[in-house]
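Asks: First the structure, which I've put down as structure tokens, then a few questions once you've had a look.
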Amino acid sequence: MVNRLFEHATLVTLDDESHIYNDASLAIAGDTILALDQIPTDFRPDERIDVGGKVIMPGLYNSHTHAAMTFARGFAEDLPLSRWFNERIWLLESALTPDMVTWGTQLAAIEMIRGGIIGFADHYFHMDKVADVVAQNGMRALLAWAVFGRDASEVGTTVPETVDFIHQTQGAANGRLRACLGPHSPYMCPEDFLARTAAVAVREQFGIHIHAAETAGQVENSLRLYDRTPIEMLNHLGLLETPSLIAHAIHVNNIDLEILSRKRVNIVQCPSTHMKYGMGVTRVPDMMARHINVALGTDGAGSSTALNMWREMRLAVLTQRQAFGTATLLGGSEALHMATRNGAQALGFTNSGILAPGYAADCIIVDTTATHFQPLHDIIAALVWCTEPADVSDVMVAGQWLLRERDLQTIDEAEAREGFEEALALMLASPYTHFQTYDD
Ligand SMILES: [Zn+2]
């Protein structure tokens, strides 16, 4: 166990009070935060780190992504969602290989770690490969093996297989890995399949990660087919009986919100994707008023193009203020909370997301010495409005360095780039097949 003492830091705790300590110390004992500001006199550090006034804050959580989809970055641009799925993404994914998932995820991990992201909620295929990648690279992750429920044409696997995967993965890698069920969405999965998945979730007490209510067309289709909104469908079929993570949830009415407020749901908005595809704006003020946990995600690089949580944080504030006409919405630390502790809560890492004694030693150092931060009148405003991924100099998860003075500590970047290029070349050279159709 290594004891470390960070000195001369600006500590931004992001707990309820969002304390800021200037020229302060942070003591870490092994994988746990021991103390901040007031350090016990008998603490004996093995290593002292002079932070030189830079900011130490909790690491960021990317609460909805498809990490391996770095292979689709820039592959399907300027298309409506239906053509994005039908003419580009699902054709390319018909040639998906386990190796592509390994290296695509590792490439995403490099981008995420460099940008201060310590954990992600992944919804994709070949999740056993993702579990291996995360076990090795030191991040935290909640893994959902995506299932469409259309047997003959399925990419991936079946629900019974994902049940085995969840049992093997839950709590693995010293608790850095978590897993849940990943039915794709109420608009792509058959009704009876969703009901069966819900029954498994209740029986096994597994969480669920799903897409829902992304477009007005999806709601119209759902009302026409089932006489229920997508959220009413999830509730009716029993998919909200265990903790759930719902990506997007843009087109929700007040009845939907009442349902969500009574369940253990976490809503993840992905502003880049929402804006890029003209999908609309998540009703964050109405959700917050109902005490629904709202977190933030980048979505996959195939849609948002970048895994940049600083951009998502800023766009969240900007889109919400633009849509709801108020300059105070998501003020102060609220955007930072969505990207840190709300995400930790959504992923089930309840001992992470804030700087406090007893919490996991999960933190990042933001180098606020660059010109674009000056002057530092307001440290919270600087973090929300001025920070770019390249300003993150150090990343630590459970006391282990993943990035130290901008050098990756757990990933061989050259090897990852080479593996990625090889897997992508094979995939692009493979014949594609049309295996399903999206219609809104
Ligand atoms: Zn998504």
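Asks: Suppose every K and R has +1 on its Cβ and every D and E has -1 on its Cβ; what is the size of the dipole of the stretch 60-347 about the Cα centre, in Debye to the nearest 20?
Replies: The calculation lands at about 840 debye.
Asks: Output the antiparallel fraction of DSSP beta bridges having both residues in the chain, as a percent to the nearest 5.
Replies: Working: 25 of 62 bridges.
Antiparallel: roughly 40 percent of the beta bridges in the chain.
Asks: Okay, next question. Considering the alpha-carbon set of the stretch 355-440 alone, what are its Rg and its Dmax in angstrom?
Replies: Rg and Dmax of the stretch 355-440, Cα atoms, are 20.3, 57 Å.
Asks: Name the most mobile residue of E241, E87, E232, meaning the one with the largest mean-square fluctuation, in a Gaussian network model of the chain with Cα contacts below 10 Å.
Replies: Maximum among the listed residues: E87.
Asks: How much FRET efficiency would the formula 1/(1 + (r/R0)^6) give for H372 and R224, where r is the Cβ-Cβ distance and R0 is 56 Å, rounded to 0.05?
Replies: On the way: r = 50 Å, r/R0 = 0.89.
That gives a FRET efficiency of 0.65.
Asks: Another question about this same structure. Given the options G325, G300, G119, which has the most mean-square fluctuation in a GNM of the chain, springs set between C-alpha atoms less than 10 angstrom apart?
Replies: In the Gaussian network model the winner is G325.
Asks: What residue among E17, E258, E312 shows peak mean-square fluctuation when the chain is described by a Gaussian network model with Cα springs under 10 Å?
Replies: E17
Asks: So what is the relative contact order of the stretch 1-106, in percent, for Cα pairs below 8 Å that sit 6 or more residues apart? Intermediate results must be reported in sequence, preceding the final value.
Replies: On the way: 149 pairs, mean separation 27.3, N = 106.
Relative contact order comes out at 26 percent.
Asks: Sticking with this structure for a sec: For the stretch 129-198, what's the relative contact order in percent, using C-alpha pairs closer than 8 Å and at least 6 residues apart?
Replies: On the way: 89 pairs, mean separation 26.0, N = 70.
Relative contact order for the stretch 129-198 comes out at 37 percent.
Asks: Once the other residues with Cβ under 10 Å from the Cβ of S25 are scored (Lys, Arg +1; Asp, Glu -1), what is the net sum?
Replies: On the way: positive: R48; negative: E7, D23, D37.
Charge balance in the 10 Å sphere: -2.
Asks: Using Cα pairs closer than 8 Å and at least 6 residues apart in sequence, work out the relative contact order for the chain, in percent. Write out the running numbers ahead of the final one.
Replies: Numbers: 964 pairs, mean separation 99.2, N = 440.
Across the chain, relative contact order equals 23 percent.
Asks: With helices defined as uninterrupted DSSP H runs, which ones in the chain have an alpha carbon span along their own long axis of at least 27 Å and mean Kyte-Doolittle hydropathy of at least 1.0?
Replies: The qualifying helices: there are none.
Asks: Checking the a/c ratio against 1.5 first, then a/b against b/c, what shape does the Cα gyration tensor give for the stretch 60-347?
Replies: Values: a/c = 1.27, a/b = 1.09, b/c = 1.16.
Because its axes are fairly even, with a/c under 1.5, the stretch 60-347 counts as rounded.
Asks: Select from A172, Q38, H126 the residue farthest towards the positive end of the dipole of the chain; place +1 on Cβ of Lys and Arg, -1 on Cβ of Asp and Glu, and compute about the Cα centre.
Replies: Farthest towards the positive pole: Q38.
Asks: Taking 0.36 nm per residue of sequence separation and subtracting the Cα-Cα distance, how much length would be gained by fully extending the chain between W401 and R321, in nm to one decimal?
Replies: The W401-R321 span can extend by a further 25.1 nm.
Where a number appears in this text, it was derived from the coordinates with a stated rule and is not lab data. A quick note: this is a predicted structure, and the numbers were derived from the prediction, not measured. So basically every Cβ, Gly included, is an ideal-geometry build from the backbone, and we count neighbours across all protein chains shown.
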